[in-house]
């Protein structure tokens, strides 16, 4: 428990450091164009870092981070070592004014420590692909290059559209792009809702189980026990798919209904009955310290034997729980039957009873569906576009446009664009620390999975990154605001808007990207729009090397830290 508390404290410290390390991303252009003073800018950015808490309901990025390493290789020393390495690299790059990625530092540190742990346990011949999630790592590495490229393309497009002489063409393009963007985010919403529903039914888990068993069968051909396990897993998968197929049409029609309506229809139709028993069984055994036992199992033979026994026997909890949910037995009879199958510890009896009596599968399912609702983001896109259009009309059609009025217009618009980027920064980067804390809570046995993350975790993470941003990061501001290219208010608006879109876009996809890379690409884009020579490519090349080296260097540092930490913990 002591190590868990230290890890949570370190994670929040990292979040704080991330705030002032990446403060430059949010405020560099707005400071360099003198729209706000440095003090005003950090307060502005910190405010909107925290506003992200109410906008990003589905913590997809945090979930991706927590799954960077496979569960069996996540231990508290692994997370502790990864965090120490990440904090060291962040402070080192901040000291030298290098805008490296806090996100990639964290991922590299987490993965490096996990690989060191696996090699020390399994031996040098153990495959790294069985330790870290290849999809998450590949997507993260891919977006080292894609995020700035997206920023470059969008910022160039916005700059070209903004300087168009004909305002009606400009407004028409804004309307078209806004509508297309809304459709794109609606697609993300729909896909995420379906994904959440499938995970709720365990479809991904059953598919993985079938694939692993089938792979094992190739080595043990005609093994009757394996064949039986595959048949059982396929049967569970078929039932889960059948229930999801019933719900799928209602999710497709979500915009005309609500999560509560979909959950009620699913409950009344019996499509949640089967999963309800399974979910309640998990809740009951977890309330009886099953997760604590699971956390101890990898490094304690006695705990492993007891865990294997408990995992098998507690499956029988389903019979009395099914009867309780059907109303054929009361709570006392259910508790007695459960206690007979696998004893409930005296200290956990009230906790188990509360889990059973307060269980509500309809409410739980509604919450999973509702997480993907991004209506507030889409409304924000429409609102921002409307504000931009009205300001353009006012300055260029109602007032007589002059260099001064146009310049002031873009200074005001920079407040909106920098706020949008700060929201994206808060939503993207605070979630990464949420993922690490979630992984630590899972490893310690405090929670079963990321869906069970306590509500205090996101609050603490958003608060920490907001406080960090208020501390500023002036060395990096200089690099981002002036060394790459000289930025005007118009170009600041284009760069921040492009950066904000990229962060919201990747956030909806659950891809952990670097805000540093994103805004750097956007600034390069506005500079290149003027002329390629306006970009100081020597500075840009140095930044690129820092980006490429961050993950491997962090991984090596974390691996070394892990061996040092485990030496002293022995």
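The values are calculated or read from the model by the stated rules, or taken from the named source; none is laboratory data. Bear in mind that the values here come from a model prediction, so they are computed numbers and not experimental data. Don't worry about glycine lacking a Cβ; one is built from the backbone with ideal geometry, like all the others, and counts go over all protein chains shown.
General remarks:
- Qualifying residue in the range 423-438 (condition: buried (at least 21 other Cβ atoms within 10 Å of the Cβ), touching a helix residue (DSSP H, G or I) at 6+ places or on another chain (Cβ under 9 Å) and modelled with pLDDT under 75): no
- Screening residue 305 on (1) out of contact with any helix residue (DSSP H, G or I) (no Cβ under 7 Å at 6 or more places or on another chain); (2) modelled with pLDDT of 90 or more; (3) loosely packed, with under 12 Cβ neighbours inside 10 Å shows it passes everything except condition (2).
- The condition of being modelled with pLDDT under 75 and either buried (at least 20 other Cβ atoms within 10 Å of the Cβ) or assigned to a helix (DSSP H, G or I) (or both) holds for only one of 81, 64, that being 64.
- Tally of residues being outside any helix (DSSP H, G or I) and surrounded by fewer than 12 Cβ atoms within 10 Å (Cβ to Cβ) across the range 323-342: 3
- Complete set of residues in the range 262-276 that are under 18 Å from residue 194 (Cα atoms) and either under 27 Å from the mean Cα position of the chain (by Cα) or assigned to a loop (DSSP other than H, G, I, E, B) (or both): 262, 263, 271, 272, 275
- Of all residues in the range 191-206, those being surrounded by 16 or more Cβ atoms within 10 Å (Cβ to Cβ) and over 19 Å from residue 277 (Cβ atoms) number 5.
- Some residue of the range 137-152 being within 26 Å of the chain's Cα centre (by Cα), modelled with pLDDT of 80 or more and more than 25 Å from residue 58 (Cα to Cα): yes
- Only helices (runs of 4 or more DSSP H) whose full extent lies in the range 462-570 are considered here, and the ones with at least 3 residues that are farther than 30 Å from residue 380 by Cα and modelled with pLDDT of 80 or more are 537-569.
- Residue within the range 84-101 that is touching a helix residue (DSSP H, G or I) at 6+ places or on another chain (Cβ under 6 Å) and over 19 Å from residue 516 (Cβ atoms) present: yes
- Whether a residue is exposed (fewer than 13 other Cβ atoms within 10 Å of the Cβ), at pLDDT 90 or above and within 25 Å of the chain's Cα centre (by Cα) was assessed, and residue 184 does not pass this test.
- Of the residues making up the range 403-413, those that are surrounded by fewer than 24 Cβ atoms within 10 Å (Cβ to Cβ) and in contact with a helix residue (DSSP H, G or I) (Cβ under 9 Å, 6 or more places away or on another chain) are 405, 406, 407, 408, 409, 410, 411, 412.
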